[in-house]
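A short write-up of the structure that comes next.
The values are calculated or read from the model by the stated rules, or taken from the named source; none is laboratory data. In this text the structure is predicted, and so the values were computed from the model without any measurement. Here Cβ is always computed from backbone atoms with ideal geometry, including for glycine, and neighbour counts include all displayed protein chains. Keep in mind that these areas ignore ligands, DNA and RNA; they rest on the heavy atoms of the full protein, side chains included. Shrake-Rupley method; radii C 1.70, N 1.55, O 1.52, S 1.80 Å.
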Amino acid sequence: MSGRAQLMWDEAVTGYDFGPEHPMDPVRLALTRSLVGALGLDREVEVVAARPAGESTLRLVHREDYIDAVKAASADPGAADGSYGLGTVDDPAFAGMHEVSALIAGQSVGAAEAVWRGDALHAVNFAGGLHHAMPGAASGFCVYNDAALAIARLLELGAERVAYVDVDVHHGDGVQAAFWEDPRVLTVSLHEHPRTLFPQTGWPQETGADCAEGSAVNVALPAGTGDAGWLRAFHAVVPEVLAEFRPQVLVTQHGADTHFEDPLAHLAVSLDAQRAVQVACHAFAHEYAGGRWVALGGGGYAVVDVVPRSWSHLVGIAAGRPVEPETVIPQGWRQEVYARTRQLGPMRMTDGRWPVSWASWEAGYDPADRLDQAVRAARRAVFPLRGLLP
Ligand SMILES: [Zn+2]
């Protein structure tokens, strides 16, 4: 087993660009890649550009008519009329959309292949995590579902149990939908409650089809949840289901839009708590999945202040060289931030909330507390289906 982690990166992923009015500004990927370099992390990993996902790979998850529609919209963006979710406000069509979406998907598929074959124990694709794309439609800024494709490829290679843990502020609906009827894939999503946020799914009662009962786990958190509540909920649900499921590979999605500065959602999580969850996911991979870990990006719309720092931490953790929260950010990177965005970049790799503490579930809960109610709802809905005590 090769020790070095892989960082999947092809400069061309920054072509995933819905235009200047769209919140998913690809500068977030470019700035993340350059912060990884400025912190010296790219010397600690093998930087690999995988091939774009081909037609047969895309079809592991996506319908052929949808792929054809993406290709058509990609070739003639003006003709996209909203069918298949293409040419909408969330997912405007743009020239080259098929190619760059397939490239991002290819990086996640390549990460999964590298981990499955043992070329690397951990692999990161922070350009991926496009978890809203459906088998037959674009949705929520996502065209091809690279997370679902990576998992589908693992199954194709012979994996019998793959766990997916999604901590993006939005429900991982596309991944859940792709494996709704497949007991080989456990999907766990921790997100802001569907009552207050897109995509309005991810209720605790969504637990998988009859033939895969208990294979979907949803923790729907109250708006306003902060570090202590977020970490409490994460630790009250995720390790127990992973210990029971015994995945061969752990795939995680690290959308940074849980952050208190994020403009599109309403949780109040700090960078330091995001880093704590990344550290925990790494530990879970070793504890429950033989170390095999594919880590993806996701949402995140505070593109200067949050995303590059959050995902640089993720790369450092996967590389076995975690970045200390107090680390001062190199001045050269802050100059690049200013040159590209006319904004002032952050000074340190922390929000000043480190170390983050939370109260463990085992010590008891408060039935009147909204966060605890959310955790109980998730555990009650799905734990008995997995033979666990709610
Ligand atoms: Zn999101």
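Of the set (1) out of contact with any Ser or Thr (no Cβ under 7 Å at 6 or more places or on another chain); (2) more than 28 Å from ASP25 (Cα to Cα); (3) among the small types (Gly, Ala, Ser), all apply to GLY332 but (2).
Against the list (1) surrounded by 24 or more Cβ atoms within 10 Å (Cβ to Cβ); (2) within 16 Å of the ligand (Cβ to nearest atom); (3) assigned to a loop (DSSP other than H, G, I, E, B), the condition GLN274 fails is (3).
For the condition in contact with a Pro (Cβ under 9 Å, 6 or more places away or on another chain), more than 27 Å from GLY85 (Cα to Cα), acidic (Asp, Glu) and at pLDDT 95 or above, GLU192 does not qualify. Looking at VAL307, VAL323, VAL294, VAL315, just one residue is touching a Ser or Thr at 6+ places or on another chain (Cβ under 9 Å) and within 16 Å of the ligand (Cβ to nearest atom), and that residue is VAL307. For the stretch 184-193, a residue qualifies if it is of a type outside the set (S, T, N, Q), away from the ligand (no atom under 14 Å from the Cβ) and open to solvent by less than 20 Å² (accessible area, probe 1.4 Å), and the qualifying residues are VAL185, LEU186, VAL188. A search for C-beta distances below 7 Å between a residue of the stretch 313-332 that is farther than 14 Å from ARG4 by Cα and any residue that is surrounded by 15 or more Cβ atoms within 10 Å (Cβ to Cβ) and among the polar types (S, T, N, Q), counting only pairs 6+ apart in sequence or on different chains, returns HIS313/GLN278; LEU314/GLN278; VAL323/SER312; PRO325/THR350; GLU326/THR350. Checking each residue in the stretch 317-349 for being surrounded by 15 or more Cβ atoms within 10 Å (Cβ to Cβ) and at positive phi picks out no residue at all.
Name the residue that is nearest to the ligand (Cβ to nearest atom), counting only residues in the stretch 153-183 that are open to solvent by less than 10 Å² (accessible area, probe 1.4 Å) and more than 14 Å from the chain's Cα centre (by Cα).
Applying the filter and picking the extreme gives VAL162.
With respect to the stated conditions, GLY129 is closer than 30 Å to PRO322 by Cβ, open to solvent by less than 10 Å² (accessible area, probe 1.4 Å) and either within 16 Å of the ligand (Cβ to nearest atom) or within 14 Å of the chain's Cα centre (by Cα) (or both).
Just one of the numbered conditions (1) farther than 27 Å from LEU149 by Cβ; (2) open to solvent by 10 Å² or more (accessible area, probe 1.4 Å); (3) within 16 Å of the ligand (Cβ to nearest atom) is not true of GLY229: (3). If you go through the stretch 1-26 and pick out every residue that is under 19 Å from the mean Cα position of the chain (by Cα), over 14 Å from ILE104 (Cα atoms) and open to solvent by 20 Å² or more (accessible area, probe 1.4 Å), you end up with 2.
Condition check: surrounded by fewer than 20 Cβ atoms within 10 Å (Cβ to Cβ) and either among the polar types (S, T, N, Q) or within 19 Å of the chain's Cα centre (by Cα) (or both). Does ALA30 satisfy that? For ALA30, the condition - surrounded by fewer than 20 Cβ atoms within 10 Å (Cβ to Cβ) and either among the polar types (S, T, N, Q) or within 19 Å of the chain's Cα centre (by Cα) (or both) - is met. Restricting ARG334, ARG386 to residues that are at pLDDT 95 or above and under 21 Å from LEU190 (Cα atoms) narrows the list to ARG386.
A single entry from VAL109, VAL100, VAL124 fulfils the requirement of being crowded, with 23+ Cβ neighbours inside 10 Å and more than 27 Å from SER215 (Cβ to Cβ): VAL100. Note on the stretch 33-123: enclosed helices (runs of 4 or more DSSP H) holding 1 or more residues that are among the basic types (Lys, Arg) and closer than 24 Å to LEU7 by Cα are 97-117. For the stretch 141-152, filtered to residues that are small (Gly, Ala, Ser) and within 16 Å of the ligand (Cβ to nearest atom), the residue that is farthest from GLU64 (Cα to Cα) is ALA147.
For the stretch 87-98, enumerate the residues that are within 19 Å of GLU55 (Cβ to Cβ) and under 21 Å from the mean Cα position of the chain (by Cα).
Those that are within 19 Å of GLU55 (Cβ to Cβ) and under 21 Å from the mean Cα position of the chain (by Cα): MET97, HIS98.
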